[in-house]
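Since the structure comes first, as structure tokens, the remarks are kept for the end.
The values are calculated or read from the model by the stated rules, or taken from the named source; none is laboratory data. If you're wondering where the values come from, they're calculated on a predicted model, not measured in any experiment. All Cβ positions, even for glycine, are placed from backbone atoms using ideal geometry, and neighbour counts span all protein chains on display. For the accessible areas, the whole protein counts, side chains as well, though only heavy atoms, and no ligand, DNA or RNA atoms are used. Shrake-Rupley method; radii C 1.70, N 1.55, O 1.52, S 1.80 Å.
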Amino acid sequence: MILLIDLILHKPQAYRHLLYNVLNSETVNLKGILWKSTVGFLLLDAYRSLLLSRSNEGQSSSMSFSLLAWIFQKMLKDVVLGNVMFLGVFLHASRILLNTSAGASSFKDFLLAVLISSYFKIFLVAMMVWNFPSSVIYIIDLFVLSSNTVALKVITESAMNRILGVCLVAHAVKFFVVQGLELRYLRY
């Protein structure tokens, strides 16, 4: 519980302990954790996309099968394309701005750090129970951005302004890709 509180408070020591001591390749099945956390990350991101589309469209209580299929297709494109662009830009920008290597182990480290530091998305589940305004989604996104920044700081030990630049660029690209897809759907 103390570790969770320290993660919420963005303490670098907590991220360092979690990423290097608790989740190291000698003590846990790193491949299994990556798969499970990736699926959880994508499901929470899909739910985020559903909440945003629901708040933008004001859905009715009765929906046809074709409308449900269209919503599912839209969410799938938003989640997959947005996160592929996010991770691609994140890795590319970190190579350029932070002078990191491009090895397979560093890719796993970056992916694990991004997935673990995106734990704030779990607070989207509270929106299933309580009715929050859609602005809460963007507040959660800001917490995820700040948490990603701290986790990247821990694994790269680079300057904070460069790390913040990498995270801002990656999150901005994801935001604009998803918004571009949204505008494309509105035209049809």
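As a summary of the residue check, F132 satisfies the conditions (1) open to solvent by 80 Å² or more (accessible area, probe 1.4 Å); (2) in a helix (DSSP H, G or I); (3) farther than 21 Å from D6 by Cα except for the one numbered (2). Counting only residues that are of a type in the set (F, W, Y) and open to solvent by less than 40 Å² (accessible area, probe 1.4 Å), the stretch 6-31 holds 1 of them.
With respect to (1) open to solvent by 30 Å² or more (accessible area, probe 1.4 Å); (2) under 23 Å from N99 (Cβ atoms), the lone exception for V177 is condition (2).
Test V144 against the stated conditions and say whether it is over 17 Å from L52 (Cβ atoms), at pLDDT 90 or above and either in contact with a helix residue (DSSP H, G or I) (Cβ under 7 Å, 6 or more places away or on another chain) or open to solvent by 90 Å² or more (accessible area, probe 1.4 Å) (or both). When the stated conditions are applied, V144 does not pass them.
Just one of the listed residues (L81, L145, L115, L97) is touching a residue at least 12 places away in the same chain (Cβ under 8 Å) and more than 19 Å from the chain's Cα centre (by Cα), and it is L97. Checking the stated criteria, F123 turns out not to satisfy the condition of being outside any helix (DSSP H, G or I), in contact with a helix residue (DSSP H, G or I) (Cβ under 8 Å, 6 or more places away or on another chain), surrounded by 14 or more Cβ atoms within 10 Å (Cβ to Cβ) and modelled with pLDDT of 80 or more. Residues that are modelled with pLDDT under 90 and open to solvent by less than 40 Å² (accessible area, probe 1.4 Å) occur at least once in the stretch 157-170.
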